[in-house]
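For reference, the structure is listed below as structure tokens.
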Amino acid sequence: MMTDDSNPTLPSLRTLPLPKRRDEVARLAGLAREEIERALATGGLDCDTADAMVENALGTLALPFGVAPGVRVNGVDYLVPMAIEEPSVVAAASHASKRVRSAGGFKATVDPSMMVAQIEVHDVADPAGALLRIEEAQTELVRRANEAVQGLVARGGGAKRVSTRDLGDGMIVTHVHVDCRDAMGANLLNTVAEALGARVAELAGGTLGLRILSNYCDERITRVTASLPVDALGDSRTKGIDAARGIARASLFAERDPYRAVTHNKGIMNGVDAVVLATGNDWRAVEAGAHAHASRSGAYRPLATWRLSDDERSLEGQIEIPLALGVVGGALRAHPGARLALALLRVTSAAELAAVAAATGLATNLAALRALSTEGIQRGHMALHHRATAAKLPR
Ligand code: COA
């Protein structure tokens with residue numbers, strides 16, 4: 001994190017050779033260069049730790065770990081760590097963030113960290129009566145849930161309420177809504193589901209089935225907006241108004257066509273996943289939830305949209321995405337590379353991390369749409385792709 005006052009101009013990291021880039025990033029993040037070197041040695045993870053993390057480990061698989069500087073969210077500039085194999089994504093995030101920063105930066109709001117634990121019960125003879133009995137036992141169920149996660153309750157989180165649905169043919173599901181604060185929440189939610197399962201089945205008068213969290217966290221939504229004067233989108237090759245019109249038209253294309261919406265959302269997830277991966281979070285959970293959210297109307301839609309203002313002076317973008325991210329627990333405890341990523345970001349909560357990840361996704365979306373709707377994707381992308389293949393990489 002860098003504050004506006006301490007860093008009015010952004011460093012151009014790309015012009016520096018890698019060792020000097022580490023020096024510069026260490027200086028900006030207030031870390032010793034050795035901390036960066038130590039954390040990223042052997043790809044951020046040593047073999048013994050990998051062996052303890054997964055089964056049948058043979059070693060580790062490294063990815064490039066880059067940094068997009070100056071991603072300004074709610075007035076704070078972040079050094080955003082990105083783990084990704086694809087050329088031009090870190091450049092795209094930096095490029096668009098620089099333009100958005102010149103217009104004041106991204107604005108983010110993040111819901112509380114509410115997740116859902118699901119308890120499924122089948123062979124229920126009287127589903128309507130079962131739902132009623134479970135809802136009437138709400139206070140008892142919330143109390144039992146909180147007894148199972150006392151540490152979370154001590155940190156201000158815990159189960160808040162219970163809801164139920166009839167799924168038909170004698171199958172019902174109970175949702176326990178849990179605020180998991182700064183954790184991603186999977187283990188906490190599974191603990192709650194298992195602690196309550198038998199009692200819920202007893203109340204329902206049916207057979208206990210699955211007890212597990214839902215990865216669709218639709219009460220844990222992150223929203224980010226960006227507003228840019230059209231001039232901020234121009235360059236020597238393209239007028240700002242032409243770029244802005246092109247981006248707004250590209251948004252409409254994605255809103256009308258699922259084939260395009262998938263690729264549009266892939267460009268968003270380029271940024272989101274790179275941050276999620278660098279910070280040791282569960283990107284499969286984020287992916288599954290994001291695409292469920294994109295489909296919530298019954299058709300697959302873009303997660304981010306762009307509009308020109310009526311007077312055509314500014315371009316307004318917004319993204320809405322469910323993000324279950326943690327800054328405690330999970331792989332973070334074990335993974336030095338992920339801990340470095342959080343140290344570079346200097347985020348203090350899961351909500352702050354979600355705001356930065358979503359803003360980075362909106363940035364990669366903006367950069368891709370701007371390139372696509374003006375000169376085409378190939379010049380910027382392929383220049384960096386060729387740079388990779390022209391380097392010492394085997395063919
Ligand atoms: N490395 C890091 N940052 C880079 C960069 C590079 N090689 N090239 C551009 N940038 C970023 C920097 O923030 C730069 O500011 P700086 O000079 O102060 O560091 C800013 O972009 C503007 O640089 P510029 O040289 O004017 O960029 P450009 O207009 O030639 O744009 C791309 C190059 C690649 C950023 C742009 O074409 C783009 O965003 N393309 C879309 C890429 C994409 O979506 N890829 C994923 C799917 S294919």
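Using equal-weight Cα scatterers in the Debye expression, the normalised intensity of the chain in log10 at q = 0.06, 0.08, 0.09 Å⁻¹ is -0.27, -0.48, -0.60. Choose one answer from S102, S163, S236: the residue with the largest mean-square fluctuation in a GNM of the chain with alpha-carbon springs under 10 Å. Looking only at S102, S163, S236, the largest GNM fluctuation is found for S236.
Using 0.36 nm times the number of residues separating L18 and A62, minus their current alpha carbon distance, what extension gain do you get?
Working: separation 44, 0.36 × 44 = 15.84 nm, distance 1.68 nm.
That pair, L18 and A62, stretches by 14.2 nm at full extension.
A straight chain from R333 to A383 at 0.36 nm per residue would run longer than the Cα-Cα distance by 14.2 nm. Taking every alpha-carbon pair under 8 Å whose residues sit at least 6 apart, segment 114-213 reaches a relative contact order of 47 percent. Among T305, T225, T238, the largest mean-square fluctuation in a Gaussian network model of the chain (Cα springs under 10 Å) belongs to T238. Once neighbouring chains are kept in place and the probe is 1.4 Å, which whole percent of the accessible area of the chain is contributed by carbon and sulfur? Here carbon and sulfur together make up 54 percent of the probe-accessible area.
Can you tell me how segment 274-318 classifies by the Cα gyration tensor, rounded, prolate or oblate, using a/c under 1.5 as the rounded cut? Could you put the intermediate results ahead of the total?
Working: a/c = 6.43, a/b = 1.67, b/c = 3.85.
Here segment 274-318 falls in the oblate category.
Computed over the chain with a Gaussian network model linking Cα atoms closer than 10 Å, the most mobile of G246, G59, G104 is G59.
A crude spin-label estimate for the pair V54 and E375, with each label 7 Å from Cα along the Cβ direction, gives 3.8 nm.
By a 1.4 Å probe calculation restricted to protein chains, R296 has an accessible surface near 140 Å², given to the nearest 10. Overall shape: oblate for segment 279-395, with the ratio a/c of the largest to smallest alpha carbon gyration tensor axis at 1.5 or above and b/c at least equal to a/b.
Based on Cα contacts under 8 Å between residues 6+ apart, segment 259-395 shows a relative contact order of 30 percent. Here the scattering of segment 14-132 is modelled by Debye summation over its C-alpha atoms, one equal scatterer each and no solvent; at q = 0.11 Å⁻¹ the log10 of I(q)/I(0) is -0.62. Taking +1 at the Cβ of each Lys and Arg and -1 at the Cβ of each Asp and Glu, which of V176, N187, P127 sits farthest along the dipole of segment 114-213 towards its positive end, judged by Cα position relative to the Cα centre? My answer, from the dipole projection, is N187.
Tell me, in nm to one decimal, what length is gained between E136 and D242 on full extension, where the rule is 0.36 nm per residue of separation less the Cα-Cα distance? Before the final figure, lay out each step's value.
Working: separation 106, 0.36 × 106 = 38.16 nm, distance 5.89 nm.
Roughly 32.3 nm would be gained on extension.
Largest to smallest in accessible area, the residues H264, H175, H291 fall in the order H291, H175, H264 (1.4 Å probe, all protein chains included). For the chain, relative contact order (Cα pairs under 8 Å, six or more residues apart, normalised by length) works out to 21 percent.
For S295 and A125, FRET efficiency with R0 = 45 Å and r from the beta-carbon atoms, rounded to 0.05? Walk me through the intermediate numbers first.
On the way: r = 34 Å, r/R0 = 0.75.
The formula returns an efficiency of 0.85 here.
Each other residue within a Cβ distance under 11 Å of R346 adds +1 if Lys or Arg and -1 if Asp or Glu, for a net charge of -2.
Run the helix sum for the chain: -39,500 (n - 2.57) per DSSP H stretch of 4+ residues, divided by residue count, reported at 222 nm to the nearest 500 deg cm²/dmol.
Working: 14 runs with 183 residues, N = 395.
Theoretical 222 nm ellipticity from helices: -14500 deg cm²/dmol.
For segment 114-213, the Stokes-Einstein estimate of translational diffusion at 25 °C and a viscosity of 0.890 mPa s comes to 188 µm²/s, using the Kirkwood hydrodynamic radius over alpha-carbon pairs.
Using a/c under 1.5 as the rounded threshold, could you call segment 193-346 rounded, prolate or oblate? The axes a ≥ b ≥ c are square roots of the C-alpha gyration tensor eigenvalues, and prolate needs a/b larger than b/c, oblate otherwise. Kindly include the intermediate steps, with their values, before the conclusion.
Working: a/c = 3.17, a/b = 1.71, b/c = 1.85.
Oblate, because a/c is 1.5 or more while a/b does not exceed b/c.
Applying 1/(1 + (r/R0)^6) with R0 = 22 Å to the Cβ-Cβ distance of L40 and T9 gives a FRET efficiency near 0.25. Over all other residues within a Cβ to Cβ distance under 12 Å of S227, the charged ones net out to +3, with Lys and Arg as +1 and Asp and Glu as -1. Tally Lys and Arg at +1 and Asp and Glu at -1 over the other residues with C-beta under 12 Å from the C-beta of R38: what net charge comes out? Spelling it out: positives minus negatives among the neighbours equals -1.
The values are calculated or read from the model by the stated rules, or taken from the named source; none is laboratory data. Note that this is a predicted model, so its numbers are computed, not measured. Using ideal geometry, Cβ is built from the backbone for each residue, glycine included, and neighbour counts are taken over all protein chains shown. Ligands, DNA and RNA are stripped out before the accessible areas are found, and what is left, the full protein with its side chains, is counted by its heavy atoms. Shrake-Rupley method; radii C 1.70, N 1.55, O 1.52, S 1.80 Å.
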